[in-house]
1. If we keep just the residues of segment B:37-71 that are of a type in the set (Phe, Trp, Tyr) and closer than 19 Å to residue B:251 by Cβ, which is nearest to the other protein chains (Cβ to nearest Cβ)?
2. Out of everything in segment B:135-144 that is open to solvent by 10 Å² or more (accessible area, probe 1.4 Å) and touching a residue at least 60 places away in the same chain (Cβ under 8 Å), what residue ends up being farthest from residue B:229 (Cα to Cα)?
3. Give the residue that is farthest from residue B:149 (Cα to Cα), with candidates limited to residues of segment B:68-115 that are small (Gly, Ala, Ser) and touching a helix residue (DSSP H, G or I) at 6+ places or on another chain (Cβ under 6 Å).
4. Considering each residue of segment A:32-67, count those that are modelled with pLDDT under 80, open to solvent by 50 Å² or more (accessible area, probe 1.4 Å) and either of a type in the set (Val, Ile, Thr) or part of a strand (DSSP E or B) (or both), and give that number.
5. Quick one: would you say residue A:172 is over 23 Å from residue A:223 (Cα atoms) and either in contact (Cβ under 8 Å) with a residue 12 or more places away in the chain or crowded, with 21+ Cβ neighbours inside 10 Å (or both)?
6. Among the residues of segment B:307-323, count how many are more than 16 Å from the chain's Cα centre (by Cα), more than 7 Å from chain A (Cβ to nearest Cβ) and of a type in the set (A, V, I, L, M, F, W, C).
7. Quick one: which residue in A:331, A:344 is touching a Ser or Thr at 6+ places or on another chain (Cβ under 6 Å), more than 30 Å from residue B:312 (Cα to Cα) and touching a residue at least 12 places away in the same chain (Cβ under 8 Å)?
8. Please specify each residue of segment B:225-266 satisfying the condition of being among the hydroxyl-bearing types (Ser, Thr, Tyr) and either more than 14 Å from chain A (Cβ to nearest Cβ) or farther than 25 Å from residue B:213 by Cα (or both).
Amino acid sequence: MTATTDAQQLAYIAGQAADARVNVELETEGMTLNIGPQHPATHGTLRIIVRLDGERVIAAEPVMGYMHRGYEKLVEVRTYPQVTTLVNRIDWLGSFANEVPFILAAERLMEVEAPPRAQWIRTALFELSRIANVVLFLGDMGVQLGAITPVFFAFRDREFVLNQIEAVTGGRFHPNFDRIGGLKDDLPKGWIVETLGVLDRIRTFCDEMEDLVAGNEIFQARTRGIGVIPADVGLSYGMSGANIRASGVDWDLRRDSEMGLVHGELDWKVWTHPDGDSFARYWVRLQEVREACTIVEQCLEGIPSGPVMAKVPRIIKVPAGEAYVETENPLGIMGYYIVSKGELVPYRVKIRSASFNNVSITPWLLKGVYVPDVISILASLYFILGDIDR
Amino acid sequence: MSTLTLAAELAYWQQTSIRAVVGLVAVLLPAGTLVYLFLFKMMSFMQSRLGPMEAGPYGSLQLLAEVGKFLQKEDIVPAKADRVVFKAAPFVVLVSTFLLVLVIPGGPDLMFIDVDTGIFLALAVSSISVIGILMAGWASASKYSLLGALRATGQLIAYELPLVLAVMGVVIQAGTLNMQGIVMAQAQGEIFGFGGIGSPFIITQFLGFAIFLVAVQAELTQPPFDMPVAESELVTGYLTEYSGMRFLMFFIGEFATAGIFSALAATLFLGGWYVPGLDPTDNLFNVIGPMVLMGKMILVAFLIFWFRFTYPRFREDQLQTLAWKVLIPLSLVNIVVTGVLKVVF
């Protein structure tokens, strides 16, 4: 893998030298283009400064922080149950998944464990929020490449998933449903049957996207071999989630670490792709939505009976100590490092969100590509602005 | 003949003004509204939504509503823009669009002008829009606009060639450049001795038709060839700095050109105003001709917009590859084969 990067670097240097010669001969000037903070492709406020030679990118630099909301500081003045309200808003498309690692870390410090039924429902909701999140990506990738129809299908079908999440939690986007020691409520009546119907819809949607987007010749021409991330480079930038699995790294925390969710008891598969290009990232996510449907289905069939809340004190004081828990969230690995001094509020919380690391690779990745590929590569990395800036 | 009567009584400028006014009010506006509504509804249904529903019954007055909206907006000129060129650019694009209408016949006697080089004129004036786009991109003093305009120029020049070459097959088969002559050749032609449906050139010139549609798609800068306006990369390319009335003119220009190129394709390949089984010299066609043409035009427009809403866009180099390595050789082969067959039969 090092050989690949060296070859790329050499090619890049040779290209630079050639450009320099041309520049001397023709006296062409580079152009600095400021993509963002307000730009249709960044779906948020990511700013990327690119130095262009014609339409080729010489250098690219992402500027983050336009949406910084100071969650790590705000958390320090909120009691533990109040924190979930805040962290819902980090990755706003798959918000329930944001609560889970925080609650798990707090549970570890308090040495309580959620009852089995709560764990199964948690897993189902965790995967449902993954579906709600990634389904939108599957359509949005089309928009970034100029096909506007898929995203309407994505919004249409995501709505069914959100309805199911709302039926349980009361909130479409911000469930605030996970509690230390379990869940707020049990499932409503008839929910399981309805959800199975929704999963069928999502599977149909995946087939549609495989036809309409992944199977499209132009889409393949635009994404295959574009934005290739070798596994070692991706890992050295701290990438995670589907982005690194698309580079052939078989690493999924749902399988590899047992953390209060029941993925280990279910029968499912971690998908990887050897290519590491934009197409691979799309393809892996497409398979993961299907796999998430399988997981939810198995969860719904296997939910044990019993209470959904363990015995925890009414006023939660977390004992002094430190805990770090990370889970495989829709965008990649998300972790919370909690330092507690035994008070009502956490002393310090560090949030590790996936998109920040996933976007950090852009200066390396965008060198030498064309402007249209900048957009397709960014789209395939799939970041949520709230997840970058917190 | 009605035109002859007119010619006897009115001066040339009077005739021309009457034609222009009648053409604009009676033909282009209703046609534009109809096509616009059809396309919007079609697009909405493809994307599983309802489309315009509020303006007028079933959203039928949506075009008026949008025109009204854009008229109210402020006409902003960027501080560093080249003001004169910036303001003139939309007119150049619109002129190219409306000059195209001139040569399309709506019936045996219904046409704005009857020139022997009809199709040549149409293809020539269609290129004027490039100048307008380049003017817009340069004068906007914006990097996105400049990139968009340069992309548009490269693309439009590249796709002029397949467009013209695809039409050559039709011209060889019809033996004339006159649009009316091309329609007549299709109406009175025979396919291997069978003259029941005339000889719509889409059957013999299917390759030409396909290349023509692809090239038209690129000329219109629509997906999959919409790099010049690529909204996810270049904001909206050369349109980025325009607002209000001037944006509306580009917008109308885009839809109108789509409609007019569809009408051109319908005339060249689908027999224009002619319906099989009737006498093409019949006066009846002066009445139903425009409607027939309209129907065929909507059919072609449906195809164009179907592509538009299905495909993602190419990259600039892939687009040039497609033009120079695939479409142009194919259309040259088409011309050779057509020429040989024309001599043989």
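1. Once the filter is applied, the top-ranked residue is B:40.
2. Step one: list which residues in segment B:135-144 are open to solvent by 10 Å² or more (accessible area, probe 1.4 Å), which gives B:135, B:138, B:141-144.
Right, trim to touching a residue at least 60 places away in the same chain (Cβ under 8 Å) and you get B:141-142, B:144.
Details: B:141: 16, B:142: 14, B:144: 9 Å.
The extreme case among them is B:141.
3. Of all residues in segment B:68-115, those small (Gly, Ala, Ser) come to B:68, B:79, B:81, B:88-89, B:96, B:106-107.
Now restrict to residues that are touching a helix residue (DSSP H, G or I) at 6+ places or on another chain (Cβ under 6 Å): B:81, B:89, B:96, B:106-107.
Working: B:81: 15, B:89: 12, B:96: 17, B:106: 34, B:107: 38 Å.
The selected residue is B:107.
4. Qualifying residue count for the region: 2.
5. Numbers: over 23 Å from residue A:223 (Cα atoms): yes; either in contact (Cβ under 8 Å) with a residue 12 or more places away in the chain or crowded, with 21+ Cβ neighbours inside 10 Å (or both): no.
Here the answer is no, as residue A:172 does not meet what is asked.
6. Matching residues across segment B:307-323 total 3.
7. Sole residue among the options that is touching a Ser or Thr at 6+ places or on another chain (Cβ under 6 Å), more than 30 Å from residue B:312 (Cα to Cα) and touching a residue at least 12 places away in the same chain (Cβ under 8 Å): A:344.
8. Of everything in segment B:225-266, those that are among the hydroxyl-bearing types (Ser, Thr, Tyr) and either more than 14 Å from chain A (Cβ to nearest Cβ) or farther than 25 Å from residue B:213 by Cα (or both) turn out to be B:238, B:240, B:242, B:243, B:257, B:262.
The values are calculated or read from the model by the stated rules, or taken from the named source; none is laboratory data. Just so it is clear, the model here is predicted, and its values are computed rather than measured. Note: ideal-geometry Cβ built from the backbone for every residue, glycine included; neighbour counts use all protein chains shown. Calculation scope for accessible area: heavy atoms of the full protein, side chains included, ligands and nucleic acids excluded. Shrake-Rupley method; radii C 1.70, N 1.55, O 1.52, S 1.80 Å.
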